[in-house]
Amino acid sequence: MPAGLLGIEELDRAEIEAILARAKDFQPVQSQTLKKLDQLRGKMIVNLFYEASTRTRTSFEIAAKRLGADAISITASGSSVSKGESLVDTLNTLAAMRPDAIVMRHAASGAPHFLARHLPTPIINAGDGTHEHPTQALLDARTILDRRSRLEGLKVAIIGDIAHSRVARSNVHLLSKFGVEIVLCGPASLLPVELAQLAPGVRLTTDICDAIREADVIMMLRVQLERQHEAAFPASEYFQFYGLRLEHMDLAKPDAIVMHPGPINRGRELSSEVADFSRSVILHQVENGIAVRMAVLEKVIG
Amino acid sequence: MPTVIVIRNGRVIDPASNTDRVADVLIVDGRVVGVGPNLPSSKAEVFDATGMIVAPGFIDMHVHLREPGFEHAETIESGSRAAAAGGFTSICCMPNTKPVNDSKTVTSYIVEQARSKAAVNVFPIGAITKGSGGEELAAIGAMKAAGAVAISDDGLPVMNARVMRRAMEFAKSYDLPIIQHCEDLNLSAGGDMHEGAPSVRWGLRGIPAASEDVMVARDLVLAQLTGARYHVAHISTRNAVAMVQYARRNGLPATCETTPHHFSLSDACMVPYDSNYKMKPPLRSPGHQQAVVEGIAAGTISAIATDHAPHAGSDKMQEFERCPFGIIGLETAIALALEELVAPGKIGLSRMVELFTTGPEGVMRLGRGTLAPGAPGDVTVFSTDISWTYDVNQSPSRSRNTPFHGRTFRGGPMATIVNGAIAWKR
């Protein structure tokens, strides 16, 4: 199997630390006048997105270009998928054009893992179903470390639709490897008890106040209506019980930060005031996305 | 000139006639004539079974032969040849063909195809409802007259309890067993594997054990109400086994089977996102797997059936959630029973033979499963110590979907004799 990046679960701590350190090197590049480097000059990256995405696709494309690589983006609606070609045939076709890596997002959990067993090209997972979204967890860790000296000993609350969240799974795997105390919180129907076995240091609660109390980091998740196959929770009262409001911040550590992988739904999982408040780092996460993806692309094909 | 075959000097295990001794088996013109020492063999074909086990022909009461309608995945001919290579002399095929076997026409077609092309005895199972749609009862009496030996909507459980009650009443009046694939489709909707720690870890939607338990509970109540001979297909959960055991102790004519993969594997053995581990019911947790093994040892589970479910390679080469359910299993069943049940001492050899002979015979009543004089000349010869490696690319089946490819087994089938003729030998 070629070396790509399929998930956080199979990475060890040293590999994660190396990516995060390299991403820090790339941070200043983002605010330079001339942003283009040449580490990946002559390389070709294909972004294959089977699911709608603005920030991740753009972020990977910019990251590739800032490293001097060529990047093309394909969305499923405009491709042979609509002509009934199977996933493995589409990928074999793309692989025959010899890209150096395929960045892939797919609605089916494990789609990149399945393909990696049959393809010679490295695959970078840009989100697979409800499984993993490794670069999101890496950029989240980078963002936390921009404000804290270390991850060890922090308390991180992840709140929302955990069952359907690939962001939550990748973050749990990453944070657990660094000894973070992780609290997962959401309505019981979106919080399967087996999540507690995902990694060491994970605790579950259905009480948002319990989750936030003394937290250093509060990660809010989008309510993913498109992944819910049934009414798992009465939508009308979601915000009342699981929406983050300014008054909740009094329970957390005084310097606690609020994160969100985006896109945010104001008034559903967090109030507009929280989204815009001084310790919300949502846009900083987006900015770090490019530096982290540069580090990942360099590691995979550099 | 009579056709004579002698199976010489094997250890004959025939639980139906309480036999376990080294002897010869003599078959003349397709019927067993006798079991005993030094039977005459002049002008007879001789199979030397020294060091091997000689048993009544094994019955697999639950296979999918895909014909008519899905001949790219399997045919009656190819599936029956896989059965012979797995040591089975009789197989019962489920009705989820295209068209569904819900009529005398389709039943007769299967019987005719089998007569001209099959390597082993093939017995069709008719649908419970038209098109297995779960609403209107199929032509059960006509199918029985054409050769159907049971009814089932396998794969599409009868969700409507009133329809199931009526079906049981008909099954009882026609003296047919009614076989249910137990799955509450509302509880299992969209699931791709057992609901548990691995499904949550991999972000795959779960099929809870409760979806099986709920259906078994409902059906046992209906079986009590109607008196039908009710059989649970491929049982896989602790509660379901316990409920069948309770029903049997209370005198209900309820039975159940399990599959080699459900007693051999659990979700802890799965290769992530490999569709060769995707089937219904799903591989359960190790605790459920253990309960299945205990159910076999305790006698609650009376039959091993493979649920041989061929799918073409292209159908299984997809995203896990898009792949169809099921694996092939005819050729690995005996080896798995020997390795997972007999070798570790969970059951003895004689009990294992029962699970493939008198067990399914008790449900299906095919008039087989014994070597008593006058019985059909179906014999399964197997070895408990031959070492062999399963290469699915050599399989007579048209499909390749198995998690056991490349596994080296100790023990396996050696020869399959159907109606007095050698259908396969190693």
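The table that follows gives values for the structure above.
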quantity	calculated
Between the stretch A:105-154 and the stretch B:302-331, the alpha-carbon center distance in angstrom	31 Å
Within 10 Å of each Cβ in A:136-148, the average number of Cβ atoms from other chains	0
Neighbour-count ranking [beta-carbon atoms within 10 angstrom, fewest first] of A:Lys65, B:Lys117	B:Lys117, A:Lys65
Longest exposed-site-free window of chain B, the sites being GluC sites (Glu not before Pro) in a DSSP loop that have at most 14 other C-beta atoms within 10 Å	B:137-426
Distance cut-off 30 Å, percentage of C-alpha pairs in the stretch B:56-364 lying past it	26 percent
Rounded tilt (10° steps) of B:104-117 against the dominant C-alpha axis of chain B	40 degrees
Fraction in percent of alpha-carbon pairs per bin - 5 Å, the stretch A:99-247	2, 9, 18, 20, 19, 15, 10, 5, 2, 1, 0
Expected-Rg normalisation [2.2 N^0.38 Å, Cα atoms] applied to the stretch A:165-226	1.06
Helix-only [θ]222 nm of the protein assembly as shown, DSSP H runs n ≥ 4, -39500 (n - 2.57) each, per residue, nearest 500	-9000 deg cm²/dmol
Charged-residue dipole, Cβ positions (Lys, Arg, Asp, Glu), the protein assembly as shown about Cα centre, Debye nearest 20	660 debye
Fewest-first sequence of A:Lys36, B:Lys104 by Cβ atoms within 10 Å of each Cβ	A:Lys36, B:Lys104
Rounded to the nearest 20 debye, dipole of the stretch B:56-364 from Cβ charges on Lys, Arg, Asp, Glu	540 debye
The stretch B:43-88: proportion of alpha-carbon pairs further apart than 14 angstrom, %	63 percent
Angle in degrees between helix B:209-226 and the longest Cα principal axis of chain B, rounded to the nearest 10	70 degrees
Choice from B:Ala303, B:Ala268, B:Ala83 with maximal GNM fluctuation in chain B (Cα, 10 Å cutoff)	B:Ala268
Least to most buried among B:Met317, B:Met143 (fewest other Cβ within 10 Å first)	B:Met317, B:Met143
Dipole of the protein assembly as shown, positive end: most advanced residue of A:Pro134, B:Ala118, B:Gly36 [Cβ charges, Cα centre]	B:Ala118
Folded to 0 to 90 degrees: helix B:161-173 orientation relative to chain B principal axis, Cα	20 degrees
Calculated over the stretch B:97-216: convex hull of Cα atoms, volume per residue (Å³)	125 Å³
Computed over the protein assembly as shown, Kirkwood Rh from alpha-carbon pairs, angstrom	28.2 Å
Fraction of antiparallel bridges per DSSP, the stretch B:56-364 only, in percent to nearest 5	5 percent
Magnitude of the charge dipole, the stretch A:38-175, Cβ model with Lys/Arg +1 and Asp/Glu -1, debye to 20	360 debye
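No value in this document is a laboratory result; all are computed from the given coordinates. Small disclaimer: the values here were computed from a predicted structure and weren't measured. Because the Cβ atoms are built from the backbone with ideal geometry, glycine has one as well, and the counts that use them run over all protein chains shown.
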